[in-house]
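Working notes for the structure below.
The values are calculated or read from the model by the stated rules, or taken from the named source; none is laboratory data. Note that this is a predicted model, so its numbers are computed, not measured. No Cβ is skipped: glycine too gets one built from the backbone with ideal geometry, and neighbour counts run over all protein chains shown.
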Amino acid sequence: MNIIIIDDDVLVSSSLKIILETDPDIHVQAIGNNGYDAIQEYSKCPADILLMDIRMEKMTGIEASISLIEKYPDIRILFLTTFLDEDYITQALKIGAKGYILKQDFENIIPALKAVYSGQNVF
């Protein structure tokens, strides 16, 4: 399973790459820091799942997702955030994201990715 990680915190994205690649079925093909990076990286080489933060400078995860889903309706976006915010969850559902999980629940990230990869939604 190929993953693109988009998070404005370089430490978080680098750590996620290390954690995710402990699973032999997961390969992180790119890392970015904002919504523009998400669009660019996914457009260059679509991944199985785009693992993306919601709140980022320059372009948010929601804004990038709207653009990507319009162009790639089958894209699988899993939001990973520190915010348990009902408005964000509603927006994520409304635009067609496949999941919304909290960074604090890091032990559930790999199972969530596998669930989204198999066609399930994770909220």
**Complete:** Checked LEU16, LEU11 against criteria (in a helix (DSSP H, G or I) and farther than 21 Å from TYR100 by Cβ); the one match is LEU11
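Listed here are the residues, each with its yes/no results for (1) touching a His at 6+ places or on another chain (Cβ under 9 Å); (2) touching a residue at least 60 places away in the same chain (Cβ under 8 Å); (3) of a type in the set (Gly, Ala, Ser).
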{"site": "GLN29", "(1), (2), (3)": "no, no, no"}
{"site": "ASN34", "(1), (2), (3)": "no, no, no"}
{"site": "SER43", "(1), (2), (3)": "no, no, yes"}
{"site": "ILE49", "(1), (2), (3)": "no, yes, no"}
{"site": "GLU57", "(1), (2), (3)": "no, no, no"}
{"site": "THR60", "(1), (2), (3)": "no, no, no"}
{"site": "ILE66", "(1), (2), (3)": "no, no, no"}
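Take GLN29 and decide whether it is modelled with pLDDT of 95 or more, more than 20 Å from TYR117 (Cα to Cα), polar (S, T, N, Q) and not in a loop (DSSP other than H, G, I, E, B).
No; evaluated as a whole, the condition is false for this residue.
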**Request:** Could you please give the count of residues in the range 1-58 that are of a type in the set (Ser, Thr, Tyr), closer than 14 Å to TYR72 by Cβ and within 13 Å of the chain's Cα centre (by Cα)?
**Result:** 1
**Request:** Quick one: count up the residues across the range 3-14 that are surrounded by 15 or more Cβ atoms within 10 Å (Cβ to Cβ) and either of a type in the set (S, T, N, Q) or touching a residue at least 60 places away in the same chain (Cβ under 8 Å) (or both).
**Result:** 4
